[in-house]
Amino acid sequence: MAAHSHHLWPDASFAGQIECWQDAARLADAKWDRVMGEVWPEAQRHVAEELGTGRPDAIVFAANTHDFLIRVAAACPRRPGRPLRILTTDGEFHSARRQFARWVESGEIDQTIIAAEPFDSLAERFLQAAQAGEHDLILVSQLLFGTGQVFAAVAELADLADPNGPWVVIDGYHSFMALETPLPAPLAKRVFFLAGGYKYAMAGEGIGLMHCAPGFGPRPPITGWYAEFEDLSLPPEQVGYAPDAMRFMGATFDPSALYRWNAIRGMLADEGLTTAAINARVAQLQSQLIAAIKTSPLSEAELLNPLTGGPHARFLAFRHPQAAAWQQALKERNCITDVRGNVLRVGLGLYHDEADVAAFARLAEQLPLSAA
């Protein structure tokens with residue numbers, strides 16, 4: 001019950017992995033002509049289609065989103081001789097949380113952290129801080145990984161973005177292929193968007209992706225040789241850049257995740273499975289789960305992201321002092337969930353059905369009761 005953590009891979013991913021190996025065996029070094037000429041552009045098209053941007057050329061890939069955090073932070077304009085000023089929340093994922101904390105230690109950034117709770121006022125409080133004009137880089141999760149709550153003020157943040165600063169970065173790791181068209185074209189002109197294949201894209205590790213706001217950061221200072229892939233004829237002393245998202249490219253990479261991603265998107269298209277269709281199915285299962293646990297100890301928990309009929313995470317976040325004990329008790333019964341502090345996360349995905357929910361509810365009945 002942890003599709004939000006490690007989403008199981010469909011069989012199509014295996015076909016993609018084999019295709020990657022076969023291309024390497026068949027083409028050797030010439031495989032890069034196929035990777036960069038066919039596989040990469042196809043992967044870009046699939047991402048742009050899912051985001052709703054209409055801009056495949058604004059998509060770039062790396063091994064993980066941490067790579068992109070470093071490249072974007074290095075490229076972001078700042079006051080001469082002063083640390084980069086970053087605005088974020090205390091609900092961001094570990095890649096950003098840890099890196100920013102270390103940069104604060106070393107004096108490389110000044111960080112303003114807005115408390116995610118109370119969540120009902122987060123958007124208002126965060127926007128107020130952003131509108132003060134005191135930050136160079138603004139980063140927020142579109143869907144908070146710990147609690148499953150949706151940050152709905154992305155459009156208002158986009159209005160603040162400017163190539164000269166501030167830059168707005170949306171962490172979409174839990175919204176990509178979980179929320180429908182999370183980055184429509186008007187917003188895509190002004191913001192960066194980070195996501196990856198490990199969650200709902202079902203493609204596994206090795207595929208971080210970034211939508212790059214056109215015109216923002218034409219010459220990133222942290223740069224690999226693929227950033228000038230289209231023009232290797234430049235003299236050695238000249239550092240050239242591709243004009244599109246390739247300007248944020250790194251160096252040689254493992255392309256297998258791109259093959260898996262393309263194969264999975266082909267499978268979904270063949271089966272007529274859109275994100276909207278999958279969301280509708282998952283919403284039914286989530287409703288069933290909430291009803292099925294009403295007589296279990298889990299019903300004592302606070303559901304941080306209740307079902308409202310609007311956009312929703314693919315997981316339910318139950319806050320309770322017993323969360324860690326419940327997660328361990330379920331694990332001992334071979335039921336995989338996960339816990340973040342005092343929040344038990346139960347994730348549902350494409351491969352779950354009503355029988356899985358019923359089985360989970362039976363296990364929930366056996367959870368230890370709260371201490372008096």
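The values are calculated or read from the model by the stated rules, or taken from the named source; none is laboratory data. Quick caveat: nothing in here was measured; it's all calculated off a predicted structure. Virtual Cβ from ideal backbone geometry, glycine too; neighbours counted across all protein chains shown.
Residue by residue, here is whether (1) surrounded by 16 or more Cβ atoms within 10 Å (Cβ to Cβ); (2) among the aliphatic types (A, V, I, L, M) holds:
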| residue | (1), (2) |
| --- | --- |
| Met1 | yes, yes |
| His6 | no, no |
| Trp21 | no, no |
| Val35 | yes, yes |
| Glu38 | no, no |
| Thr65 | yes, no |
| Arg79 | no, no |
Next on the checklist: Taking the criterion of being surrounded by fewer than 16 Cβ atoms within 10 Å (Cβ to Cβ), among the basic types (Lys, Arg) and assigned by TED's automatic domain parsing to the domain that holds Ala213, would at least one residue in the stretch 67-75 satisfy it?
Outcome noted: no
Item to check | Those residues of the stretch 87-108 which are more than 18 Å from the chain's Cα centre (by Cα) and over 19 Å from Ala161 (Cα atoms), in sequence order | outcome: Ala101, Arg102, Trp103, Val104, Glu105, Ser106, Gly107, Glu108
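Let's see how each residue does on (1) out of contact with any helix residue (DSSP H, G or I) (no Cβ under 7 Å at 6 or more places or on another chain); (2) under 30 Å from Cys335 (Cα atoms); (3) assigned to a helix (DSSP H, G or I):
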{"position": "His6", "(1), (2), (3)": "yes, yes, no"}
{"position": "Ala15", "(1), (2), (3)": "no, yes, yes"}
{"position": "Cys20", "(1), (2), (3)": "no, no, yes"}
{"position": "Arg26", "(1), (2), (3)": "yes, no, yes"}
{"position": "Lys31", "(1), (2), (3)": "no, no, yes"}
{"position": "Glu42", "(1), (2), (3)": "no, no, yes"}
{"position": "Glu49", "(1), (2), (3)": "yes, no, yes"}
{"position": "Phe61", "(1), (2), (3)": "no, no, no"}
Checklist outcome for this item: Exception for Leu87 within (1) surrounded by 15 or more Cβ atoms within 10 Å (Cβ to Cβ); (2) in a helix (DSSP H, G or I) falls at (2)
Checklist entry - In the stretch 357-372, what residues are crowded, with 19+ Cβ neighbours inside 10 Å and either of a type in the set (S, T, N, Q) or part of a loop (DSSP other than H, G, I, E, B) (or both)? => result Leu367
Item to check | Which listed residue is at pLDDT 95 or above, within 30 Å of Thr112 (Cα to Cα) and out of contact with any strand residue (DSSP E or B) (no Cβ under 8 Å at 6 or more places or on another chain), from Ala74, Ala12, Ala63, Ala25 | outcome: Ala74
